[in-house]
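Heads up, the thing below is written out as structure tokens.
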Amino acid sequence: MSDADDGPEQPVAATPPEELAETQDSGTERAARETPPSIPLRVRNLRKRFGGITAVDGASFEVEAGSVTGLIGPNGAGKSTTFNCITGVHEPDGGAVYFDGEEITGLSPPEIANRGLVRTFQIARELEEMSVLENMMLAPPHQRGEKLVNAVTPGLRDDVIEQEIELREAVWETLELFEIDHLAEEYAGNLSGGQRKLLELARALMADPEMLLLDEPFAGVNPTLEEKLLDRIHDLTEQGYTFLLVEHDMDLIMQNCEHVIVMHQGNVLASGTPAEIRDDERVVEAYLGGEV
Amino acid sequence: MSLGDRAWAAVPAYFKANDVRLVAGLLLGTYVLYGVSSAFLAAVNNASMANAVINEIASITFLIAVYALLALALNLHWGYTGLFNIGIAGFMAVGVYAMSILAASPTASPPGLGLPVPVAVVGALLITAVVGGLAALPALQLDADYLAIVTVGLSEIIRLVLNASYFAGTVTDPEASGYNVVDVFGITFGTGGGQGISTPSSGPARAIYETETGLTPIGEVVYGAADAAGVGTSVVTDGTYALVLLLGFVTAYYVLLSRIGNSPFGRVLKAIREDELVARSLGKDTRLFKIKVFMVGCALMGLGGILWQGSYGYVNPNTFRPIVTFYIFTALIVGGAGSNTGSVVGGAVFAAFLLEGPRQVAGLVTAVSQLLFGSLPSAPNFYAAMVSLDPLTWLGYLVDSVAYLKFVFLGAVLVYLMQNRPDGIMGHRKETAASVDLSDRTVRGNGGESDE
């Protein structure tokens, strides 16, 4: 199959050919400049090696604003590594990531999160010995009381308290929206798997993101909660948030995403609407384990 | 229900209602036990009862206060942020030595900078904070256990450098072969090496009562009253100092650390302890937080060192062996890591019962058996004591060995606590990391604003 060789020459179904050609022969700055505002996330030719294993091998894709985009692929396709490279957990060996037209390749996770690109984790990572409320209160960016001086100095602390009261209100509203306000006082460690996923999404939302990257948000979630999570995601999309989901469950992605990216062996095999992906024989082959 | 749970359940609800009552109740109980026991001992030995009781209470208050101070400082690192700092003794040493060198006269041996003591103390805190900040740099890259090795290593390096004769400053003649004064851009000083160094004051509270020429007005009244009661002046000054430490410094540390903990800053610290990647993924630059916490915590440890080891008038590097660090860890574990009240309670329980308790009990046992059976026979070694087949010899041997046996006791208590009450004697405590009551939903209510 043609996509076995690596490199930026990789044809990506959803990318218009002329745009792709441009990106190839122009430098990274040009690509950044030309990223239209309707494409918040653009990944170009991303590579990541771990020792002898090439986990991501020239992946390129983009995510449209206000969409729910699914990133699927068989085990070991490089989805999570791609995720970690985008969010700064791993530094990519090559390629570039643009967010809102600016290159964010190799920035640290907090820098990326502060730009409005916030992630959740495959296995919900709650701050277990902290209450649900504390978990939520942690997330809002640039809190006054995060400065040590403001936290301890008598006069300055009043401003901190004022802001905390405002944040507390926002936190309770968000907890109600996600219907976990009855768990507010509970330690996060005592929540069920599904509740943790809800909390994690709610917490990410408190970080004031523009775009959310969700790593397997439905793993281990019962159907009722899954429905609830999906409703929230669709509501939020309507409010203008952009989502990129990594998911194993093919049906779930096909039913809920406007756009699907399929990864295989470290690069993007296909990209398009669910209908296009369903009809793509390369995808079927990859999932059924055909020789590539 | 374990023994620990039972003991905790037996504490009257009145004391458990709030933390001030709890700590006050604990101190009161301790004082009653120590007061009665020292009064009894004084009666047996025909000594002045008031002097003995006040002396005993002063010395136990001092130990409670210093262990509480250091446990509080450690709680910021380990309890709150999860930073496994086992270099406490080293940071204490930096504080005490920096103060001593800054305050020592330039003509003394070893020479110092001759600054006024308050300036020297502030300078020492800044220096400790900087050393703490430097120690934090590897912490940015390292996992908990590696950080522990770095900090204990640093602590030993500090102690050995202070012990080295190269920097001692004891041979001040530049022509002499053993010249060892440190000279940095013309500023000369020395550490005293293995001989140790003089700290500015022995008995810091004495200034309240005495001037260089005589007594202050307060001094005349207090010393007069003490004399009438048969209490020595040194007991009065020691007691005053211990009281200042307990009521002034422990309270100040507690308030400061509660403010740090109950704030958005403290929330990020807790998040670092729980899962640093989550905090980073939510946009918190955890490296900055770790450096700040290291600087503040180390400065507090330095001040703890100054108030403790710096108050005897003389100190040497062997005071700062790693065992001191482990004592403070034990105090924090006993009280419950992560809780400021727990740190104070832990400091008190550790100092009064684990560290000093065995000695006090041994003293009582000796006195009681003296009354009942005459003086206890003492055996030269364990074997001799065993084969004597005499319970009184066994008892005598036990009492003689109490200085060593207390470590066995300490170990046993730790093992028990780890298995049955890993959250400390008060059990798990919820100290919410926020400056407001998060459960209170009033937007501009009255309930939420109070933070202390």
- Query: Among the residues of region A:103-119, which ones are among the acidic types (Asp, Glu) and farther than 19 Å from residue A:142 by Cβ?
  - Reply: A:103
- Query: Which condition breaks for residue A:196 when tested against (1) more than 8 Å from chain B (Cβ to nearest Cβ); (2) free of Cβ contacts under 8 Å to residues at least 40 places away in the same chain; (3) within 22 Å of the chain's Cα centre (by Cα)?
  - Reply: (2)
- Item | helices (runs of 4 or more DSSP H) enclosed by region B:1-81 - at least 3 residues per element that are closer than 29 Å to residue B:303 by Cα | B:19-44, B:49-74
- Of the residues in region B:411-441 that are assigned to a loop (DSSP other than H, G, I, E, B), among the aliphatic types (A, V, I, L, M) and free of Cβ contacts under 8 Å to residues at least 24 places away in the same chain, the one that is nearest to residue A:146 (Cα to Cα) is B:436
- Task: Return yes when residue B:277 is more than 9 Å from chain A (Cβ to nearest Cβ) and closer than 27 Å to residue B:75 by Cβ and no when it is not.
- Result: no
- Can you find even one residue in region A:148-166 that is surrounded by fewer than 23 Cβ atoms within 10 Å (Cβ to Cβ), under 18 Å from the mean Cα position of the chain (by Cα), within 11 Å of another protein chain (Cβ to nearest Cβ) and at pLDDT 90 or above? no
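Look at residue B:55 and say whether it is more than 23 Å from the chain's Cα centre (by Cα), farther than 30 Å from residue B:153 by Cβ and not aliphatic (A, V, I, L, M).
Details: more than 23 Å from the chain's Cα centre (by Cα): no; farther than 30 Å from residue B:153 by Cβ: yes; not aliphatic (A, V, I, L, M): yes.
In short, no.
Conditions (1) under 17 Å from residue B:323 (Cα atoms); (2) surrounded by fewer than 15 Cβ atoms within 10 Å (Cβ to Cβ); (3) without any contact (Cβ under 8 Å) to a residue 60 or more places away in the chain, marked per residue:
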{"position": "B:149", "(1), (2), (3)": "yes, yes, yes"}
{"position": "B:154", "(1), (2), (3)": "yes, no, no"}
{"position": "B:169", "(1), (2), (3)": "no, no, no"}
{"position": "B:172", "(1), (2), (3)": "no, no, no"}
{"position": "B:178", "(1), (2), (3)": "no, yes, yes"}
{"position": "B:192", "(1), (2), (3)": "no, no, no"}
- Task: Return yes when residue A:195 is touching a Lys or Arg at 6+ places or on another chain (Cβ under 6 Å), farther than 14 Å from residue B:271 by Cβ and not assigned by TED's automatic domain parsing to the domain that holds residue A:219 and no when it is not.
- Result: no
- Message: Whether any residue in region A:115-128 is modelled with pLDDT under 95, over 30 Å from residue A:64 (Cβ atoms) and either touching a Cys at 6+ places or on another chain (Cβ under 7 Å) or hydrophobic (A, V, I, L, M, F, W, C) (or both) is what I want to check.
- Response: yes
- Task: Determine the pairs where a residue that is within 9 Å of chain A (Cβ to nearest Cβ), located within region B:287-301, has a partner that is not in a helix (DSSP H, G or I) with Cβ atoms under 9 Å apart, the partner being 6 or more residues away or on another chain.
- Result: B:287/A:108; B:287/B:140; B:289/B:81; B:293/B:81; B:293/B:83
- Query: Which of (1) at the interface with chain B (Cβ under 9 Å from one of its Cβ atoms); (2) over 30 Å from residue A:51 (Cβ atoms); (3) crowded, with 17+ Cβ neighbours inside 10 Å; (4) not hydroxyl-bearing (Ser, Thr, Tyr) does residue A:100 not meet, given it meets every other one?
  - Reply: (1)
- Query: Scanning for something within 17 Å of residue B:92 (Cα to Cα), of a type in the set (Ser, Thr, Tyr), within 13 Å of another protein chain (Cβ to nearest Cβ) and within 17 Å of the chain's Cα centre (by Cα), does region B:249-260 turn up at least one residue?
  - Reply: yes
- Is it the case that residue B:113 is more than 20 Å from the chain's Cα centre (by Cα) and more than 18 Å from residue B:160 (Cβ to Cβ)? yes
- Message: When you check residue A:286 against the structure, is it in contact with a helix residue (DSSP H, G or I) (Cβ under 7 Å, 6 or more places away or on another chain) and touching a residue at least 12 places away in the same chain (Cβ under 8 Å), yes or no?
- Response: no
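Check every one of the strands (runs of 3 or more DSSP E) wholly within region A:239-292 and list those with 2 or more residues that are modelled with pLDDT of 90 or more.
Numbers: elements: A:242-246, A:259-264, A:267-272.
Counting at least 2 such residues, we get A:242-246, A:259-264.
Tell me, which helices (runs of 4 or more DSSP H) lie completely within region B:177-292 with 3 or more residues that are under 30 Å from residue B:319 (Cα atoms)? First the steps, then the outcome.
Details: elements: B:206-209, B:217-229, B:233-243, B:251-261, B:264-281.
Once the helices (runs of 4 or more DSSP H) in region B:177-292 are filtered for at least 3 residues that are under 30 Å from residue B:319 (Cα atoms), what remains is B:206-209, B:233-243, B:251-261.
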- Query: In this structure, does residue B:304 turn out to be out of contact with any strand residue (DSSP E or B) (no Cβ under 6 Å at 6 or more places or on another chain) and more than 12 Å from chain A (Cβ to nearest Cβ)?
  - Reply: yes
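Of the residues that sit in region A:167-202 and are small (Gly, Ala, Ser) and modelled with pLDDT of 90 or more, which one is farthest from residue A:142 (Cα to Cα)?
Let us first name the residues in region A:167-202 that are small (Gly, Ala, Ser), namely A:170, A:184, A:188-189, A:192-194, A:202.
The next check asks that each one be modelled with pLDDT of 90 or more; those that pass are A:170, A:184, A:188-189, A:202.
Working: A:170: 15, A:184: 23, A:188: 23, A:189: 26, A:202: 18 Å.
Per the stated criteria, the residue is A:189.
Can you find a residue in region B:83-92 that is of a type in the set (S, T, N, Q) and out of contact with any Cys (no Cβ under 9 Å at 6 or more places or on another chain)?
Filtering region B:83-92 for residues of a type in the set (S, T, N, Q) gives B:85.
Checking which are out of contact with any Cys (no Cβ under 9 Å at 6 or more places or on another chain) leaves us with none.
No, every residue in region B:83-92 fails to be of a type in the set (S, T, N, Q) and out of contact with any Cys (no Cβ under 9 Å at 6 or more places or on another chain).
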- Pairs, please: C-beta under 7 Å, at least 6 apart or cross-chain, first residue closer than 12 Å to residue B:277 by Cα and facing chain B (nearest Cβ under 7 Å) and in region A:103-127, second acidic (Asp, Glu) and surrounded by fewer than 24 Cβ atoms within 10 Å (Cβ to Cβ)? A:110/B:285; A:119/A:215; A:125/B:275; A:127/B:274; A:127/B:275
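The values are calculated or read from the model by the stated rules, or taken from the named source; none is laboratory data. Fair warning: this is a prediction, and the values are worked out from it, not measured in the lab. Don't worry about glycine lacking a Cβ; one is built from the backbone with ideal geometry, like all the others, and counts go over all protein chains shown.
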